[in-house]
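The values are calculated or read from the model by the stated rules, or taken from the named source; none is laboratory data. The model shown is predicted, which means the values in this text are computed figures rather than measured ones. Please note: Cβ atoms are built from the backbone with ideal geometry, for glycine as well, and neighbour counts cover all protein chains shown.
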Amino acid sequence: MGGHVGGAVASQTAVNSIRQFFESQFYPHLGDALYQALQYANQQIYQTAQARPSLLGMGTTCVLLCFREGLAYTAHVGDSRIYLYRGGFCKGSPATILLYRPS
């Protein structure tokens with residue numbers, strides 16, 4: 001979506017918002033935090049578009065990868081994904097959809 005109206009602004013807003021979200025405090029439940037971080041970023045993108053009419057309709061895909069205590073946690077919005085490439089093999093496919101329901 002980077003080539004669409006405001007895509008670069010939306011992408012940078014997402015990065016800044018997610019960074020701010022995680023730097024503000026420690027989140028013991030990382031799955032919930034990833035979900036909330038994406039919601040927060042979406043809210044910031046929406047508010048930016050409302051304040052700047054030339055950016056109405058802007059959006060971005062987003063992929064998050066967090067490591068904690070030897071585990072990797074991922075989340076995504078849109079058609080971007082994370083794949084595990086190990087030993088010459090790629091695990092995961094574009095058709096794979098994982099759903100997370102916050103507690």
Q) Which residues, counting only those in the stretch 51-103, are at pLDDT 85 or above, surrounded by 10 or more Cβ atoms within 10 Å (Cβ to Cβ) and aromatic (Phe, Trp, Tyr)? A) Tyr73
Q) Can you tell me how many residues in the stretch 18-59 are among the polar types (S, T, N, Q) and closer than 14 Å to Ala75 by Cβ? A) 3
Q) Out of (1) in a strand (DSSP E or B); (2) among the hydroxyl-bearing types (Ser, Thr, Tyr); (3) touching a Leu at 6+ places or on another chain (Cβ under 9 Å), what's the single condition that is false for Tyr85? A) (3)
(Q) So, in the stretch 1-33, exactly how many residues are assigned to a helix (DSSP H, G or I) and more than 27 Å from Arg52 (Cα to Cα)? (A) 4
Q: Please list, ordered by first then second residue, the pairs with beta carbon atoms under 9 Å, 6 or more apart or interchain, first in the stretch 18-33 and closer than 12 Å to Cys66 by Cα, second basic (Lys, Arg).
A: Leu30/Arg68
Q) Could you list, in sequence order, the residues of the stretch 34-83 that are in contact with a strand residue (DSSP E or B) (Cβ under 7 Å, 6 or more places away or on another chain), aromatic (Phe, Trp, Tyr) and in contact (Cβ under 8 Å) with a residue 12 or more places away in the chain? A) Tyr35, Tyr73
